[in-house]
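The block underneath contains the structure these notes are about, expressed in structure tokens.
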Amino acid sequence: MVREGHADSAELQLGVGPLLGILAAPGAFQCFLLLEKYSSLLNWFRGRRHEDLLISSAPDKYMFLSIAMAVVGIVTVLKWDRILPDSQDYLNLAPLPIRPHNILLANATAIGIAVVVLATAVDGASILLFPVFVTDASLIATAGPIDFIASHALCMVLASLFGFCAVFAVLGELAATLPREIFRACSSWLRGFLLAAFIGLLLAGFSGPTLIRHLERVPHSPVRLLPPLWYLSLYQSIQHRSSPAMAELAPMAGVSLGVALGLTVLSYGLSYRRRFAGVLEGVRLPSGRSVLRFALALLDCFSYRTSGFRRASYRFVIRTLLRNEAQRIWISVSVALGWLLALQSASSVVSPTPRSTDSLPEASLLAAPLMAAYLLVLGLRLAFEFPAALPANWIFRSTLNCHEHESLGIARRVILAFLTLLVLLPHLAFVSWLRSFPIAALQTVYVLALSLGLTEVLLAGYRKIPFTCPAPGFRENLPLQCFLQLLGFVGFARIGAELERWMLVEPVRLLLIPAAMSAAYCWNQVRLSNARVAGEIEEGLSFESCRSPAVQQLQLLDGE
Amino acid sequence: MIDDRQPPVLEARGLTKRFGGFAAVREVSFAIRSRQILGLLGPNGSGKSTIVKTVTGLLEPSFGAILFKGRPMGDDLTEYKRALGYVPEQPELYGFLTGWEYLEMVATLRNLDRRLFRKKASAMLEGLTLYQSRDLPIGSYSKGMRQRIVVIAALLHNPEILILDEPFSGLDVASALVLRRVVRLLAERGKAVLFSSPVLEQADRLCTHLVMLKRGSVVASGSINEMREGFAGLDLEAGLIQLTEQLDADHIAESIAAATTTC
């Protein structure tokens, strides 16, 4: 999806058609998944002739509302820097004889149009298809398709608008109230966490039935704070199918949208003044240095001691990850998502009375750090592929002899540094509190061993200095890559946790880990040595991005 | 004193660089000796930066060779790169690093002792009036400040060969003056300097030797004195324009002014 040639960023560069297609895909895909559920013939066979589909379709409506909110929110977060005019616009527009309020109005109109187009793209397929499926499938009298389409469209558009306004309100208010440099320093982290929250919201869309049942049982549970439930309540109220618990939540949709919209307008006015008209005022201070100094110092503890290529590259990589916009967002998404899933997994089994050491921990608890580790390692590995200030890589190219250096160790060390600080140490502290230090140490070593194995697999053949090469094209393999990573995640977390549980039954089994790692290391050394002799591997640094596809066509017919 | 009989430190022989079917540089040869400042002079698009990028190893030549102390530079690339200090035409830097961090990175890449780095970098930053701004991110620097950082980065490791691609671009008068004197002093202390510029005045003030380029080919070369003598009565500027541009500046200026004032 990343088009090569845009040197300075890892931003997605797509034409309007493909972009709208991608935005429409989740909703359209979900519609087609529901074809089977709403087939009137199948429902007749299943004996669901007397089912009120306006009620039983609530989980699907919840899913569509989650998609509408999350996709619009994600796009708004990703495009935040492009929404308001920036210094480049200011330099181009300010000298022209155009009044500032005309520029403001033009920009506001453009934002409005963009939101409408976005909401139409995201919601269009479901607005047309879903109500038709449901009304056609219904064997008892329900609302007509036009009424259904109208209520579905209204709620979906409101949910999309809320997704946009919520992001705008949060980021806009902070941009308007915080000092410019502080906002600049924390903006990308905040955007990363917002992205993770929207991804979480999207994933929670699959839990619609559970959430609705839970709300019915416990009307005042924290579940009621989930925004898609507000819009689902409004939806059901419009269709006169809301339960008492839902009816209570319905006004929240209007109130939340009103508040978000109001804050959006307010922050837009203030941000416009600060970001556009005041763009050239003041001196830029060190961006987030004070905020990040502690993190840098901690991560630098893992640096190479001796001067040279490896020390310079390690420190460069750490600073890029912490300071460059694209990398910061990427890492914060990986960390936030990893911890979100880990907490979700752990929270289901953590006992309110800790320090019981007699029983084995649940597999869900053991899987939690593995989930966080997997997403962090994968996130870092992918972040390495995104270029940062690519034209500036001349300093490496003109200084280094590419045949003399290797970057694999640097990438490995960076991953280990982040892993230690963000997963291993918190895990050690948590398990020490929950059980005891020796058990915590054993479990942490296990997570470390598996993470090192994963790192080695993901870094196989890595020859680049991170961020100094053009982004590789992976468009042709994207679905397969995603599928493989999903499988990898499930395997790493679930099988890894079960294996750990099996080893903890007889702790002597843990000795299998160093044995397996030594065997894998020896095998890899032999493999590399053979490949080197056969001239099958390239070594040294590379500043190119030639990535072999995950699936290769054999082109068997080419020789004919 | 420059001794033209001593072996060159850096030599280009029949250098040709093609981009597809287009030859940006054709059969260019020159040699730089210790204490020489060789100027590559020519209008925009004459191939100066391509030659510089090829000499620094950023581009592979299509034909020809670059010799370092008489041997192809690829024979001991590490040694060659260690001997090289390079100031590129565009000061592309990592904007999220501070000036100090960038210099520290370059010094570490070049295995410079940390204490020596601090001493050198502080002195150079003071000299080029950047010391106060050393802890600001480079993204906030002006073009001139970036240019000065690049110059310092090129000088930190005491290079034997200094390659400067339009180094005065963006510099203020004082910094340009300081840099010019630094380059001259370094040449006097035995460095070989390759200096590329489209501005004759700068080359005239600084260089001991010149290579004039037009559309990727050498049209004249020699020491400054030899060039002056070769133009037989014309000054350097007139000689350069005659060799490279062959344009009627007065006529062009008249047509642009007329177009501007047309209502």
Add -39500 (n - 2.57) for each DSSP H run of 4 or more in chain A, then divide by its residues: what number comes out at 222 nm, to the nearest 500 deg cm²/dmol?
-22500 deg cm²/dmol
Any idea what the dipole of chain B comes to, in debye rounded to 20, about its Cα centre with Lys/Arg Cβ at +1 and Asp/Glu Cβ at -1?
1040 debye
Other residues with Cβ under 14 Å from the Cβ of residue A:332 give, with Lys and Arg +1 and Asp and Glu -1, a net charge of +2
For the protein assembly as shown, compute Rh as the Kirkwood radius over C-alpha pairs and then the Stokes-Einstein diffusion coefficient at 20 °C and 1.002 mPa s; write the answer in µm²/s, rounded to an integer.
69 µm²/s
Among A:335, A:386, A:485, the residue whose Cα sits farthest towards the positive end of the charge dipole of the range A:295-533, when +1 is placed on the Cβ of each Lys and Arg and -1 on the Cβ of each Asp and Glu, is A:386
Collect residues whose amide H, placed 1.01 Å from N in the peptide plane, falls under 5 Å from the amide H of residue B:214; neighbours closer than 5 in sequence don't count.
B:219
All other residues with a Cβ under 11 Å from the Cβ of residue B:105 taken together, and with Lys, Arg as +1 and Asp, Glu as -1, what is their net charge?
+2
As a percent rounded to 5, the proportion of antiparallel DSSP bridges among beta bridges in the protein assembly as shown is 50 percent
Given the pairs B:69/B:119; A:464/B:191; B:53/B:191; B:17/B:48; A:464/B:143, which span a C-alpha to C-alpha distance of over 22 angstrom in this model?
B:69/B:119; A:464/B:191; A:464/B:143
The farthest towards the positive end of the charge dipole of the range A:295-533, of the residues A:322, A:367, A:450, given +1 on Cβ of Lys and Arg and -1 on Cβ of Asp and Glu, is A:322
Tell me the net charge near residue A:450. Cut-off is 14 Å between Cβ atoms, residue A:450 excluded, with +1 for each Lys or Arg and -1 for each Asp or Glu.
-1
To two decimal places, what compactness ratio does chain B give when its Cα radius of gyration is scaled by 2.2 N^0.38 Å?
1.07
FRET efficiency for residue B:113 and residue A:544, using Cβ-Cβ distance with R0 set to 35 Å, rounded to 0.05
0.60
Taking θ = phi - 60°, what integer Hz values does the Karplus form 6.51 cos²θ - 1.76 cosθ + 1.60 yield along the range B:212-219, in sequence order, with x for Gly and Pro?
9, 10, 9, 6, x, 10, 7, 9
Can you list residues from other chains, or at least 5 along the same chain, whose modelled amide H is less than 5 Å from the amide H of residue B:29?
B:14, B:15
Shape of the range A:295-533 from its Cα gyration tensor (a ≥ b ≥ c, root eigenvalues): rounded if a/c is under 1.5, otherwise prolate when a/b > b/c, or oblate?
prolate
Spelling out what I want: for every residue of the range A:214-220, take phi, set θ = phi - 60°, compute 6.51 cos²θ - 1.76 cosθ + 1.60 (Karplus), and round to whole Hz; glycine and proline get x.
5, 5, 5, 6, 10, x, 9
So which DSSP H runs in chain B come out at 20 Å plus along the axis (Cα) with average Kyte-Doolittle of at least 0.0?
B:173-188
Okay, helix-only estimate at 222 nm for chain B: each DSSP H run of n ≥ 4 adds -39500 (n - 2.57), divide by all residues, round to 500 deg cm²/dmol; what do you get?
-12000 deg cm²/dmol
Using the number of other C-beta atoms within 10 angstrom as an exposure proxy, rank B:157, A:152, A:403, A:214 with the fewest first.
A:403, A:214, B:157, A:152
Counting sequence-distant residues (5 or more places) and residues on other chains, those with an amide H built under 5 Å from that of residue B:69 are B:10, B:11
Once phi is turned into ³J(HN,Hα) by the Karplus curve 6.51 cos²θ - 1.76 cosθ + 1.60 with θ = phi - 60°, what whole-Hz value does each residue of the range A:442-453 show in order, with x for glycine and proline?
4, 5, 5, 4, 4, 4, 4, 4, 5, 5, 5, x
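Each value in this text was obtained by applying a stated rule to the coordinates, not by laboratory testing. Since the model is a prediction, treat every value here as computed from it, not as a measurement. Glycine also receives a Cβ, built like all others from the backbone with ideal geometry; neighbour counts cover every protein chain displayed.
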